[in-house]
1. Between a first residue in region B:47-69 that is without any contact (Cβ under 8 Å) to a residue 12 or more places away in the chain and a second residue that is in a loop (DSSP other than H, G, I, E, B), which pairs have beta carbons less than 6 Å apart while being 6 or more apart in sequence or on different chains?
2. Right, residue A:17: free of Cβ contacts under 8 Å to residues at least 24 places away in the same chain and farther than 28 Å from residue B:73 by Cα or not?
3. Tell me, please, whether a residue that is free of Cβ contacts under 8 Å to residues at least 12 places away in the same chain and out of contact with any helix residue (DSSP H, G or I) (no Cβ under 7 Å at 6 or more places or on another chain) can be found in region B:25-41.
4. Could you list, in sequence order, all residues of region A:32-52 that are over 14 Å from residue A:94 (Cα atoms) and at the interface with chain B (Cβ under 7 Å from one of its Cβ atoms)?
5. Would you mind stating whether residue A:2 is over 11 Å from the mean Cα position of the chain (by Cα) and either under 21 Å from residue B:59 (Cβ atoms) or within 11 Å of chain B (Cβ to nearest Cβ) (or both)?
6. Which of the residues belonging to region A:28-37 are within 10 Å of the chain's Cα centre (by Cα) and assigned to a loop (DSSP other than H, G, I, E, B)?
7. Check residue B:74 against each of (1) within 13 Å of the chain's Cα centre (by Cα); (2) more than 14 Å from every other protein chain (Cβ to nearest Cβ) and name the one condition it does not meet.
8. Considering only region B:77-96, I want to know if a residue exists there that is within 10 Å of chain A (Cβ to nearest Cβ) and not in a helix (DSSP H, G or I).
């Protein structure tokens, strides 16, 4: 899984930022915090996202406190962002 | 939900510490990190624990990175530990 090229970053990252994702200062990860009404809604989101994470063998770093889920995505093998991060970020937004 | 009394802390906390839980320096929370073989096993544990958390209306602060689940328990209403933390900690150990 190659790192996103400069052109790919320019194409994808502004779109993700517009959707509430934050690009880390070092450019190697993206993060977003989702807030739901209840714990079942928050954990239900995590469960749906977990199925895709496993299917794509690309797993988030994430934490949950009651109705909040904080997600960080990075492609650890390359120490940066790849297509898989963009794909999982968009899927999570769709599921949330 | 009242805070654990000194006697209750003396009864329960050593047992939890023997099972790998750490009591925070301020005594107001307990924490444990579980390690599993795979992401599905880690997330499966979270899913089982989530059902009890919701049933008992007592929710963990927890994070997951691949096969690792880091849990922190506290009773936020009282700013400390209650029976619910002991109960959920023991249930999590049983489920893990």
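A short reminder: the numbers here are calculations on the coordinates, not readings from a lab. Because the structure is a prediction, the values reported are computed rather than measured. Note: ideal-geometry Cβ built from the backbone for every residue, glycine included; neighbour counts use all protein chains shown.
1. Close Cβ pairs (under 6 Å, with a partner that is in a loop (DSSP other than H, G, I, E, B)) amount to B:59/A:66.
2. yes
3. Taking every residue of region B:25-41 in turn, at least one turns out to be free of Cβ contacts under 8 Å to residues at least 12 places away in the same chain and out of contact with any helix residue (DSSP H, G or I) (no Cβ under 7 Å at 6 or more places or on another chain).
4. Of everything in region A:32-52, those that are over 14 Å from residue A:94 (Cα atoms) and at the interface with chain B (Cβ under 7 Å from one of its Cβ atoms) turn out to be A:39, A:40, A:43.
5. no
6. Correct list: A:29 only.
7. Among (1) within 13 Å of the chain's Cα centre (by Cα); (2) more than 14 Å from every other protein chain (Cβ to nearest Cβ), the lone unmet condition for residue B:74 is (2).
8. no
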